[in-house]
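The values are calculated or read from the model by the stated rules, or taken from the named source; none is laboratory data. Given the structure is predicted, the values throughout are model-derived calculations rather than measurements. Note that each Cβ is placed from the backbone with ideal geometry, even for glycine, and that neighbours are counted across all protein chains shown. Accessible surface areas use protein heavy atoms only, side chains included; no ligands, DNA or RNA. Shrake-Rupley method; radii C 1.70, N 1.55, O 1.52, S 1.80 Å.
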Amino acid sequence: MSFLEVENLTLRIARGPRILRAVSLGVDQGEVRGLVGESGAGKSMIGKAILGTLPRAIQVVSGRISLDGTDLQTLPARERRRRIGAQVALIPQDPLTALNPVRRVGPQITNRLVDILGWDRSRAEARARELLDEVHIPDPDRVMRSYPHELSGGMRQRILIASAFAAEPKLIIADEPTTALDVTVQKQILRLIKEMQDRHNTALLFVTHDLGVVSKICQSLTVLYAGKVIEDTDTRSFFAAPGHPYSQALLHATPKYTDPEDSLTPVPQHVIDAVEAEVTDFDKGLGA
Amino acid sequence: MPFLRTILARLAATLVTLFGAAVIVFVVIRVVPGNPIAMMLPPGATEDDIARLQALYGLDKSIFEQFVIWLGGVVRGDFGTSISLRQPVLNLVLGRLPATLELSIMALVIAVFIGGAMALTGTLRRDTRTEAAIDVTSGMALSVPDFLWGLILILLFGVLWPVFHISGRVSPSLDFDFQTQFYLFESVLRLRFDVWADLVSHMFMPSLALAIPLAAIISQLLKQSLKETMHLDYVTLARTKGYSEASVITREALPNAVLPTLTLIGVQFTFLIGGTVIIERLFSYEGLGNMAIDAVINRDLPLIQGIVILFALLFTVVNLVVDMTYAALNPRLRHA
Amino acid sequence: MRDARSRVRRPIGLRLWLSGGWITLLIIGAVLAPLIAPHDPLYQDLFAGRMPPVWVDGADPNFLLGTDSLGRDVLSRILYGARLALTVALVAGTLTCLIGATLGLIAGYYRGWVDMVISRLVDIWMAFPPVLFAILLIAVLGTGLTSIIIAIVVIDWTRFARVVRAEAMTQGTMDYVASAQVVGRTKAGTMFAEILPNVLPTIVALLTLEMGIAVIVEAILSFVNLSISTDAPTWGGMIAEGRTSVHQAWWVLVFPLITLFLTVLSFSQLGEGLKDYFDPVLR
């Protein structure tokens, strides 16, 4: 049994369409799983559902999410919140908006340790210094006293990574953590996340639309289309021979994996039609 | 140092505004048709008596000359002598200022508490009936001015359920001898809690009347600002850390949402101070506003001038303080 | 987004009906006051002083809402008071709107030195407590209807100027204004043809709001006895008298107060309702 188990999770917009269709996936300790799909495929919603930050307009129709064998739904709200806070952490997409502009960086790293886990302040600060060192930030004391606007985007993402690992979480959810960054910084950040994950041996769910990134750091991946799992496999066999026609087309639409002689091919219409038909069949099967 | 330059520019603009206000008041009150001097003298005074008294108050010179003389006096801290009360204007005005300041600040504190509580509750219970009820309440509170709230409060707490004093600042029967006119403040320092309680009982209704519209504005602006902030990434990130919705609002959203609200509250607070004029009259509270209305009715030119300039000064100082607080609270400006 | 907002919006809205209804009722009452008022509002009968309203023990059925200390009929005085209140609301509101909105439009659209002068004036005006300013003006101008109207226009034109200036400034930067000028409209032509229609909903809402404010200012001036002649029926004057005798005859304060409260509330709710109704984004 994996640390994170998502089983048959179905979400819908209140009085609207489904956005996830019976999604199941698991991430084990030390495993890096890519969650791949086009924008709008619902991949970020899975992260939000795990973290308990779904927008109010979205309803959970069915399914369960468990951490370390405990079904989160069975816990009282306060206990659930604290359990998630202690065991799961998020590396957000946009480092420019994910730090509170009116608070210094230091407390934003230590607040989970002090307020939720009850550490004393000096211990939490020592831990933050250690983490900033781990993410290769020189002069941690100065950085902890800074305000976010005084730091660069890459620097802020390093801080958010340090903050995510602060409480030694069992699971990290990285929601497209490099999309908002410069290409040159992207690589460093990606390497850093992988390095931190190795060192702390955490489970990592890496949400991305970029198969190139998946090939570099993930051992396994889940491909999502219109909220439905299209393929769930390990990275090696996926890149050797993707099982689903949509996956094949997706792979061909990714620059790195296409022969440079070949022009990039968008996902062909007949593949899209076929996968749309699968989704429709699924909905019919539920009688919607 | 752009921060310092901004402050200096604001100070310069403030001086221009004050000068303009002085000119306008000076001209307006000298068009007054009634002769204030004639009203001071007993019937049967001769033309000669009137002329002598006019010369004494400098009212025989041209408006321009009078203004230059008055301005010269102001620079030396001399605002002239009240015609009806025959005392230096500065002493009279400074004697009443503490009463008005205490009333305004008490109203501000009440407004911040009520308005803040409404905004926080509305954000916590957003998109529910509670929020709708808060919206309707603040809409009503805002539509009706302080004067009417004062009258309604008199009916409620002065007549139907008479628990508070409806007129005056302090009960005359109380025996106390304070150094300053800041009674509320000094009563605490001297541990005279009987005096303090009596003052609060007198101030409760007028300050609440002044506070109601401001509380409504704070509730509306702060709630809107909070709700916008609640969608931002750093708020979501705080939620994932295990904070409850209430602490997410107070710890992460509030410090940011307060900033845009603050500048608007500054202007609204000057409106509140302006409102003390009629509210003090309504509750016979011995402050500047009440004195101002008497001064107008008695055509006491030097006193009117002094009071209006003091109000203008108060307004501009409030705006200046708000601007500086904003800059001090906003780390982006502080380090710019 | 659009859908969500239009679902929130009520059709025409209860508040428009309620507030509009009350104002209409008041206008009818004011116009027909000489016909429907049961008594002469100035007639004093010291033997019939402080009679309570009809549903209270010891009332005289001739006086529906009771009498004041001089034996004058409260209902009749409220009806006649509505004439003054509504005249002031209509005339002072409209004049303030015309002057303030024009200055704001010019300042916001033409910018430059005109804007400098008008904005500086607005700043100076903001430094005066409005009630004190109004009282001061009445002291200078003398009491009477014209003075009240002038005082309201003088103290409140800035409310329109400020808001309309800001809106005209935003509108002036929009592409459609630039294209209107490319097509060959004059600057003044553009202002009236392109800018004005876009700020009109705001102006209408402010105008209704201003009418409510004018009613309050008139009441405050009568309250401090600076409105029109002292025994004329005004809501503010009745409130001032009621305030002094509130422990003996609550009805002298309560009825004019309720009338004033509903009127002010209605004007402001009418303004808010009209603003939503005209707002093209909400519609």
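With (1) assigned to a helix (DSSP H, G or I); (2) within 14 Å of chain B (Cβ to nearest Cβ); (3) surrounded by fewer than 24 Cβ atoms within 10 Å (Cβ to Cβ); (4) touching a helix residue (DSSP H, G or I) at 6+ places or on another chain (Cβ under 8 Å) as the list, and C:Ser222 as the residue in question, which single condition is left unmet?
(3)
Name the single residue that is least open to solvent (accessible area, probe 1.4 Å) among those in the stretch A:1-29 being part of a strand (DSSP E or B) and among the polar types (S, T, N, Q).
Applying the first criterion (part of a strand (DSSP E or B)) to the stretch A:1-29 yields A:4-13, A:18-27.
From what is left, the residues that are among the polar types (S, T, N, Q) are A:8, A:10, A:24.
On the way: A:Asn8: 88, A:Thr10: 8, A:Ser24: 48 Å².
Restricting to residues being part of a strand (DSSP E or B) and among the polar types (S, T, N, Q), the top hit is A:Thr10.
State all residues of the stretch A:32-80 that are within 24 Å of B:Leu232 (Cα to Cα), touching a helix residue (DSSP H, G or I) at 6+ places or on another chain (Cβ under 7 Å) and charged (D, E, K, R); if no residue qualifies, say none.
Listed by number, the list holds a single entry, A:Arg80.
Report whether or not C:Ala240 is open to solvent by 10 Å² or more (accessible area, probe 1.4 Å) and at pLDDT below 90.
Spelling it out, C:Ala240 is indeed open to solvent by 10 Å² or more (accessible area, probe 1.4 Å) and at pLDDT below 90.
If I ask for residues that are in contact with a helix residue (DSSP H, G or I) (Cβ under 6 Å, 6 or more places away or on another chain), more than 10 Å from every other protein chain (Cβ to nearest Cβ), closer than 26 Å to C:Ile216 by Cα and of a type in the set (S, T, N, Q), which ones from the stretch B:128-186 would you list?
Once the filter is applied, which keeps residues that are in contact with a helix residue (DSSP H, G or I) (Cβ under 6 Å, 6 or more places away or on another chain), more than 10 Å from every other protein chain (Cβ to nearest Cβ), closer than 26 Å to C:Ile216 by Cα and of a type in the set (S, T, N, Q), the stretch B:128-186 yields only B:Ser138.
Go through (1) part of a helix (DSSP H, G or I); (2) touching a residue at least 60 places away in the same chain (Cβ under 8 Å); (3) open to solvent by 30 Å² or more (accessible area, probe 1.4 Å); (4) more than 14 Å from chain B (Cβ to nearest Cβ) and name the single condition C:Asp231 misses.
(1)
Give just the number: which of (1) open to solvent by 20 Å² or more (accessible area, probe 1.4 Å); (2) touching a residue at least 40 places away in the same chain (Cβ under 8 Å); (3) under 27 Å from B:Met140 (Cβ atoms) does C:Ala85 not satisfy?
It fails just one condition, (1).
Taking the stretch C:183-230 as the region of interest, how many residues are among the polar types (S, T, N, Q) and at pLDDT 80 or above?
So the count comes out to 4.
May I ask you to list the residues in the stretch C:19-62 that are β-branched (Val, Ile, Thr) and open to solvent by less than 20 Å² (accessible area, probe 1.4 Å)?
Passing the criteria: only C:Ile23.
So, restricting to helices (runs of 4 or more DSSP H) that lie completely within the stretch B:218-336, which ones have at least 2 residues that are touching a helix residue (DSSP H, G or I) at 6+ places or on another chain (Cβ under 7 Å), within 10 Å of another protein chain (Cβ to nearest Cβ) and open to solvent by 10 Å² or more (accessible area, probe 1.4 Å)?
Numbers: elements: B:233-240, B:254-282, B:288-297, B:301-329, B:331-334.
Filter on the stretch B:218-336 gives B:233-240, B:254-282, B:301-329, B:331-334.
Looking at the stretch A:244-268, which of its residues are farther than 21 Å from A:Gly42 by Cα and at pLDDT 80 or above?
Matches in the stretch A:244-268: none.
Which of the numbered conditions does B:Ser207 fail, given that it passes all the others? Conditions: (1) at pLDDT 95 or above; (2) open to solvent by 30 Å² or more (accessible area, probe 1.4 Å); (3) not β-branched (Val, Ile, Thr).
For B:Ser207, the failing item is (2).
Any idea which of B:Val296, B:Val267, B:Val277 is more than 17 Å from the chain's Cα centre (by Cα) and of a type in the set (Val, Ile, Thr)?
From the options B:Val296, B:Val267, B:Val277, the qualifying one is B:Val296.
Any residue in the stretch B:105-124 that is more than 29 Å from B:Phe185 (Cα to Cα) and within 14 Å of another protein chain (Cβ to nearest Cβ)?
Within the stretch B:105-124, one or more residues are more than 29 Å from B:Phe185 (Cα to Cα) and within 14 Å of another protein chain (Cβ to nearest Cβ).
Which of the residues spanning the stretch C:127-149 are polar (S, T, N, Q) and assigned to a loop (DSSP other than H, G, I, E, B)?
First pass over the stretch C:127-149, keeping only residues polar (S, T, N, Q): C:143, C:146-147.
The answer is C:Thr143, and nothing else.
Among C:Leu65, C:Leu132, which is the only one that is buried (at least 21 other Cβ atoms within 10 Å of the Cβ), free of Cβ contacts under 8 Å to residues at least 60 places away in the same chain and closer than 29 Å to C:Phe255 by Cα?
Going through C:Leu65, C:Leu132 in turn, the sole match is C:Leu132.
Does any residue of the stretch A:30-48 turn out to be of a type in the set (S, T, N, Q), farther than 15 Å from A:Ile173 by Cα and at pLDDT 90 or above?
No, that holds for no residue.
Being open to solvent by 40 Å² or more (accessible area, probe 1.4 Å), touching a residue at least 60 places away in the same chain (Cβ under 8 Å) and not hydrophobic (A, V, I, L, M, F, W, C) is the filter here; which residues of the stretch C:88-102 pass it?
Filtering the stretch C:88-102 down to residues open to solvent by 40 Å² or more (accessible area, probe 1.4 Å) leaves C:90-91, C:94-95, C:98-99, C:102.
So of that shortlist, the ones also touching a residue at least 60 places away in the same chain (Cβ under 8 Å) come out as C:90, C:94, C:99.
Within the stretch C:88-102, C:Thr94 is the sole residue that qualifies.
Anything in the stretch B:195-204 that is among the small types (Gly, Ala, Ser) and open to solvent by 30 Å² or more (accessible area, probe 1.4 Å)? List them, or say none.
Matches in the stretch B:195-204: B:Ala197 only.
Which condition from (1) away from chain B (no Cβ under 11 Å); (2) free of Cβ contacts under 8 Å to residues at least 60 places away in the same chain; (3) within 30 Å of C:Trp17 (Cβ to Cβ) is the one that C:Met238 breaks?
The number of the failed condition is (2).
Got at least one residue in the stretch C:4-19 being among the β-branched types (Val, Ile, Thr), assigned to a helix (DSSP H, G or I) and modelled with pLDDT of 90 or more?
Residues of the stretch C:4-19 among the β-branched types (Val, Ile, Thr): C:8, C:12.
So of that shortlist, the ones also assigned to a helix (DSSP H, G or I) come out as C:8.
Going one step further and asking which of them are modelled with pLDDT of 90 or more, we end up with none.
Scanning the stretch C:4-19, I find no residue that is among the β-branched types (Val, Ile, Thr), assigned to a helix (DSSP H, G or I) and modelled with pLDDT of 90 or more, so the answer is no.
Here are some residues: A:Val207, A:Val214. Which one is modelled with pLDDT of 85 or more and either surrounded by fewer than 16 Cβ atoms within 10 Å (Cβ to Cβ) or touching an Asp or Glu at 6+ places or on another chain (Cβ under 8 Å) (or both)?
A:Val207
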